[in-house]
1. For a label point 7 angstrom out from the Cα of Ile1 toward its Cβ, which stretches of the stretch 35-72 have the backbone nitrogen within less than 13 Å?
2. If you count, for each residue, the other Cβ atoms within 10 Å and average over each peptide, how do 52-60, 80-88, 118-126 line up from highest to lowest?
3. Using a cut-off of under 17 Å, list every residue of the stretch 8-32 whose amide N is near the label point 7 Å from the Cα of Lys97 along the Cα-to-beta-carbon line.
4. Work the Kirkwood hydrodynamic radius out for the chain: mean of 1/r over every pair of different alpha-carbon atoms, inverted, in Å.
5. Tally Lys and Arg at +1 and Asp and Glu at -1 over the other residues with C-beta under 13 Å from the C-beta of Asn36: what net charge comes out?
6. Say the cut-off is 19 Å between C-alpha atoms; which of Lys35/Lys62; Lys50/Lys109; Lys10/Lys141; Lys50/Lys141; Lys50/Lys97 go over it?
7. May I ask for the angle, rounded to the nearest 10°, between helix 135-145 and the longest principal axis of the chain, with both axes built from Cα atoms and the value confined to 0 to 90°?
8. Skipping prolines and chain starts, which residues have an amide H placed within reach, meaning under 5 Å, of the one on Ile66, given they are 5 or more residues away or on another chain?
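Every read-out reported here was derived from the displayed coordinates using simple, explicitly stated rules and does not represent laboratory data. It should be emphasised that the depicted structure is a prediction, and the values quoted were computed from it without experimental measurement. Reconstructed Cβ throughout: ideal geometry from the backbone, glycine too, with neighbour counts over all protein chains shown.
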Amino acid sequence: IPTIRKNSPKSLIIVGTPDWCKQLKPVADNPLEFKNIAYSCHFYSGTHGKELQDNIDYALNKNICIFVSECGLTDASGNGNKYFNEFDSWINFLNNKNISWIFWSFANKDESSSILSPNFPINDSNTNINNYLSETGKYIKEKLQTK
């Protein structure tokens, strides 16, 4: 952090948290003594629910800034079933708390969490990405366009 601050004094720094960025209470109880810090949180709608949301609320109540730097609509493996309703609940929760999020994963891997379909031509710079969105990709695009 001191090196980043030396080179970019006002930059937001996102700091990871324990247990794959799910343990927010320890950092809320003992935050770093630097300004402009956000703590990372990860969730997968098929695995994580109210308990993690309660941890987020705990941190927010202690004025800790949270940023969801990874989330998905499957279980934590990134594959298997898609939990659309649970993901909708998560996005509503995050929007109500003014917490930003990034989706996992922008890939053409043949798995449930990939935004691109497996037949996406990765080496063709003229490709219209919209033609290769997976079901997940179409859903996430819609989520990102409507807050």
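1. Only 35-40, 64-65 pass the distance filter.
2. Details: 52-60: 17.4, 80-88: 15.7, 118-126: 9.2.
Those peptides, ordered most packed to least, come out 52-60, 80-88, 118-126.
3. 14-31
4. On the way: mean 1/r = 0.0604 Å⁻¹.
Every distinct Cα pair counted, the radius reaches 16.6 Å.
5. Values: positive: Arg5, Lys10, Lys35; negative: Glu33.
The answer is +2.
6. Numbers: Lys35/Lys62 15 Å; Lys50/Lys109 29 Å; Lys10/Lys141 30 Å; Lys50/Lys141 25 Å; Lys50/Lys97 14 Å.
Violating the 19 Å limit, Cα to Cα: Lys50/Lys109; Lys10/Lys141; Lys50/Lys141.
7. In the chain, helix 135-145 runs at an angle near 50 degrees to the longest axis.
8. Amide H neighbours of Ile66: Tyr39.
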